[in-house]
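One structure is given below, encoded as structure tokens.
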Amino acid sequence: MLNQILKKKEKFEYEINKIGNYILENKKKIRIINKKKFQTNLDVITDKKIKKLIFDFFKTRKVISEENKSNKLPKKNYWLIDPIDGTRSLYDGYKTYGIQLCYVLNDKPVYSLINLPSMKKNISAIINNGVKINGKKFKIKNSVKKIIVDNYPKPNFECKRVMEACKINKYIEAGSFAYKSMLVALNRASLFFKNVEFYAWDVFPQTLINKELGNFTFDLKGDEFVAIKKISYRNGLIISKSKNNIKKIVRLYK
């Protein structure tokens with residue numbers, strides 16, 4: 001499968017970008033169809049479009065999607081997708097949402113793609129092959145301002161504790177996991193911290209991208225996100241450019 005992805009990557013990512021543009025063009029038509037799940041018509045449509053692409057391009061139906069939640073992971077290799085990460089942000093009229101997906105081989109993401117429609121960016125990575133943005137190699141910057149990102153208008157109590165421990169003064173607000181994690185990848189933030197329950201499709205597509213850029217993804221117990229062993233996670237999330245900051249945050253939660 002990885003060889004197929006390498007051969008078809010450019011065309012596949014072009015089509016994913018078209019789906020991102022579809023969301024942009026139809027965002028005013030969004031409506032809730034399932035209040036309990038906070039599922040919208042665009043979630044369902046986007047899910048179908050992405051699955052069809054995967055089926056057509058790679059001749060496989062092994063896809064785990066946020067829109068069809070399951071408590072079990074496939075025994076063999078599969079695609080993991082979140083058709084719209086940050087549905088509430090999209091529904092509320094914010095720009096901080098995205099499409100994210102990855103191909104999982106032997107429990108690890110080996111190809112990842114995150115599309116941020118409002119930023120007009122396809123951000124992708126293949127294991128041990130760096131990161132590309134809209135098909136062009138992304139150059140890693142060694143320096144970045146100390147900025148933390150979260151999804152509140154102002155830092156909450158927990159975020160303030162982390163900012164103090166890591167000596168970070170600047171805060172920015174963004175919505176989805178995909179968007180926040182890519183702000184770290186793109187050097188627009190240095191730290192994303194969240195103490196909530198989340199799912200594999202929320203975090204693993206970005207792990208490969210940030211790892212290829214030398215960044216780190218850990219939980220609050222100090223364990224790195226490497227292999228996908230389950231669907232849901234409850235020990236929080238840290239995405240950071242600094243391993244030292246991860247150590248400081250883990251100490252706060254011991």
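Descriptive notes on the structure:
- Counted charge near residue 187, where neighbours are those whose Cβ lies closer than 9 Å (Asp, Glu -1; Lys, Arg +1): +4
- Surface composition of the stretch 59-183: carbon and sulfur atoms hold 47% of the protein heavy-atom accessible area at a 1.4 Å probe.
- Theoretical ellipticity at 222 nm over the chain - DSSP helices of four or more residues, -39500 (n - 2.57) apiece, nearest 500: -11000 deg cm²/dmol
- Within the listed set 160, 48, 36, the residue fluctuating most in the Gaussian network model of the chain (springs between alpha-carbon atoms under 10 angstrom) is 36.
- Rounded FRET efficiency, nearest 0.05, which uses the C-beta distance separating residue 68 from residue 106 and R0 of 25 Å: 0.65
- Between the stretch 23-89 and the stretch 181-254, the Cα center-to-center distance that results, in Å: 23 Å
- A simple count of charges around residue 35, restricted to other residues whose Cβ falls under 14 Å of its Cβ and scoring Lys, Arg +1 and Asp, Glu -1, yields +3.
- For the stretch 57-145: rounded, prolate or oblate by the Cα gyration tensor [a/c cutoff 1.5]: oblate
- The chain: most fluctuating residue of 192, 12, 177 per GNM, C-alpha cutoff 10 Å: 12
- The stretch 86-134: C-alpha gyration tensor shape, a/c 1.5 cut-off, then a/b vs b/c: oblate
- Taking the chain as a Gaussian network of alpha-carbon nodes connected by springs under 10 Å, the highest mean-square fluctuation of the residues 175, 86, 214 belongs to 214.
- Here the dipole of the chain is about 240 debye; that uses its Cα centre as origin and unit charges on the Cβ of Lys and Arg (positive) and Asp and Glu (negative).
- Charge tally around residue 201: other residues with Cβ under 10 Å, Lys/Arg +1 each, Asp/Glu -1 each, net -4.
- Excluding ligands, DNA and RNA, the accessible surface per residue across the chain is 52 Å² with a 1.4 Å probe.
The values are calculated or read from the model by the stated rules, or taken from the named source; none is laboratory data. Model, not experiment: these values are computed from the prediction. For neighbour counting, all protein chains shown are included, and Cβ atoms are generated from backbone atoms with ideal geometry for every residue, glycine included. For the accessible areas, the whole protein counts, side chains as well, though only heavy atoms, and no ligand, DNA or RNA atoms are used. Shrake-Rupley method; radii C 1.70, N 1.55, O 1.52, S 1.80 Å.
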